[in-house]
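J.: Got a structure for you, questions after.
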Amino acid sequence: MFSTQLASSPPASNLSLQKQQEWDEFLVNFFGNGPLSISPLQAIFEPLRNPTLDDMVVVGQIGQTLDGRIATVTGQSRYVNGLTGLTHLHQLRALVDAVVIGVGTALADDPQLTVRQIKGRNPARVVIDPRARLSHQHLVWQDDGVKKIWIVAEGVTASPPPQVELIMLPAVSGAIDPALILKSLNLHSLKRVLIEGGAETVSRFIVAKCLDRLHLIVAPIIMGSGRLSFNLPPIEHMDQALRLAIQTHQLGNDVVFDCDLQTQRVALNTK
Ligand SMILES: NC(=O)c1ccc[n+]([C@@H]2O[C@H](COP(=O)([O-])OP(=O)(O)OC[C@H]3O[C@@H](n4cnc5c(N)ncnc54)[C@H](OP(=O)(O)O)[C@@H]3O)[C@@H](O)[C@H]2O)c1
C-alpha cells in the first residue's frame, strides 16, 4: 500500500456548500443551454455539451494509478481515485444520458452507476454482455425507474429481468462494433454517453474511433502490479502511438487528463 489514504474508504461527498451550489447552477445551465461561466466546471465539462460530428457526444473515463493500473490482480478497483476524483465521476454520470460498462466491470464491482455524490439525475444504464453472463440480481438492474439496457450478441439466449430492454447486435468473433452500440443507443434517444469502463470496453471504443473525449483520472498511487488501463493492438514504432491533445485539471490529489479524440472520431451517421 503506497497511498497515505485508505484506498478502500467508503465514499462520502466532499464538496463544500459553495461548491455544491456552483454545481447545481452549472447543471441547470448545462441542460438549459445557459452560460457556463463557472470555473473550473466550464473548462472540464463544456466540451461535453454539444456534439460536433453527428448528434452524439461520447466520453470515456478511466481512473488509474501513476503506473497505469485500474485494478489489483484480483480485479479490485475500489478506490483508485480520491473523493474528488469520485465526485468527478458522479458529475460525468449526471451530465450524460447513458452510462455504459462492460460485463467484466458489472461482475467484478456490481456497481449501481447512479449519481450519489452530487445532485443530478441518474443516467440510463447499459451493460455490454455479448454472452449474456450477467444475472438478474446485479445492482445495475435495480428497479429505480431508470432506463436499463442489456446488449447481447445476436443468437445468444438471454431472458432480461423485468424493466430491462434487450438489444441484440451482430458480433464478429464475439466482438460487437462500438459504432453499432452507439447507433442503437441513439435510437433510444441516448445521445450523450459515458463509457465508464473497464479497460477492455474503453479500449474497444478507442480502437473503433468512437470516443470524442477521454477523461483519464490519475491518482498518486503506484500499484506495481494489476490490471492495465488499456489493451490496444501492439505497435512497433512510437509514431504509431496515439498522441493526444490534452488539458489537465487538478482534482484534489488526482489529476484529470481531458484527452481530445475528436480528430480521429468516426461519424456515426445518426443525424
Ligand atoms: N478504475 C476504473 O476507472 C475502472 C472502471 C471500471 C472498471 N474497473 C475495473 O476494471 C475491471 C474490469 O475491466 P475489464 O477490462 O476486465 O472488463 P470490462 O471492460 O468491464 O468488460 C469487458 C467485457 O465486456 C464485454 N464487452 C465490452 N465491449 C464489448 C464489445 N464491443 N463487444 C463485445 N463484448 C464487449 C466482453 O464480454 P465477454 O468477456 O463476455 O466477451 C468483454 O470481455 C474490474 O476489475 C473493475 O473493477 C476500473
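What follows draws every value from the coordinates through simple rules; no lab data is involved. Fair warning: this is a prediction, and the values are worked out from it, not measured in the lab. Please note: Cβ atoms are built from the backbone with ideal geometry, for glycine as well, and neighbour counts cover all protein chains shown.
J.: At what distance in nm do the modelled label points of MET238 and ASN29 sit from each other, each positioned 7 Å from its Cα along Cα→Cβ?
T.: For the pair MET238/ASN29, the computed spacing is 4.1 nm.
J.: Using each residue's phi in segment 190-204, evaluate 6.51 cos²θ - 1.76 cosθ + 1.60 at θ = phi - 60° and report the 3J(HN,Hα) Karplus result to the nearest Hz, with x for Gly and Pro.
T.: Running phi through 6.51 cos²θ - 1.76 cosθ + 1.60 with θ = phi - 60° gives 9, 10, 10, 10, 9, 8, 8, x, x, 4, 5, 5, 4, 4, 5 Hz.
J.: Find the relative contact order for segment 96-176 and round it to a whole percent, using C-alpha pairs within less than 8 Å whose residues are 6+ positions apart.
T.: Computed value for segment 96-176: 26 percent relative contact order.
J.: Within the P(r) computed for segment 160-271, what percentage of the Cα pairs occupies the region above 25 Å?
T.: 33 percent
J.: Given springs between every Cα pair under 10 Å in a Gaussian network model of the chain, which of VAL172, VAL164, VAL202 has the largest fluctuation?
T.: Greatest mean-square fluctuation among the candidates belongs to VAL172.
J.: Something else about it: Residue by residue through segment 234-248, what is 3J(HN,Hα) from phi via Karplus (6.51 cos²θ - 1.76 cosθ + 1.60, θ = phi - 60°)? Round to whole Hz and write x for glycine and proline.
T.: x, 10, 9, 10, 4, 6, 8, 6, 6, 9, 10, 7, 10, 10, 10
J.: Please find, in a Gaussian network model of the chain (springs between Cα atoms separated by less than 10 Å), the residue of ARG204, ARG78, ARG243 whose mean-square fluctuation is greatest.
T.: Result for the chain, Cα springs under 10 Å: ARG243 fluctuates most.
J.: Something else: Using Cβ contacts closer than 10 Å as the measure, can you line up LEU15, LEU194 from fewest to most?
T.: In increasing order of surrounding Cβ atoms, one gets LEU15, LEU194.
J.: From the backbone phi of segment 154-163, what are the Karplus-calculated ³J(HN,Hα) couplings (6.51 cos²θ - 1.76 cosθ + 1.60, θ = phi - 60°) in whole Hz, Gly and Pro given as x?
T.: 4, x, 8, 7, 9, 10, x, x, x, 6
J.: Another question about this same structure. Hey, can you grab everything whose amide H is under 5 Å from the amide H of ASP55? Only 5+ residues off in sequence or another chain; H modelled, so Pro and N-termini drop out.
T.: Excluding prolines and chain starts, which carry no amide H, the hits are THR270, LYS271.
J.: Then there's this: Answer rounded, prolate or oblate for segment 52-264, using the Cα gyration tensor with square roots of eigenvalues a ≥ b ≥ c: rounded when a/c is under 1.5, else prolate when a/b is larger than b/c, else oblate.
T.: Judged from the Cα gyration tensor, segment 52-264 comes out rounded (a/c under 1.5).
J.: What does the charge count around LEU169 come to, taking other residues whose C-beta lies under 15 Å from its C-beta (Lys +1, Arg +1, Asp -1, Glu -1)?
T.: -1
J.: Here's something else I'd like to know. Pull up the DSSP beta bridges for the chain and report the antiparallel fraction as a percent, rounded to 5.
T.: 35 percent
J.: Relative contact order for the chain: what percent, with Cα pairs under 8 Å and sequence separation of 6 or more?
T.: 26 percent
J.: Provide the FRET efficiency to the nearest 0.05 for the LYS19-HIS136 pair, computing r from the beta carbons and using R0 = 35 Å.
T.: 0.35
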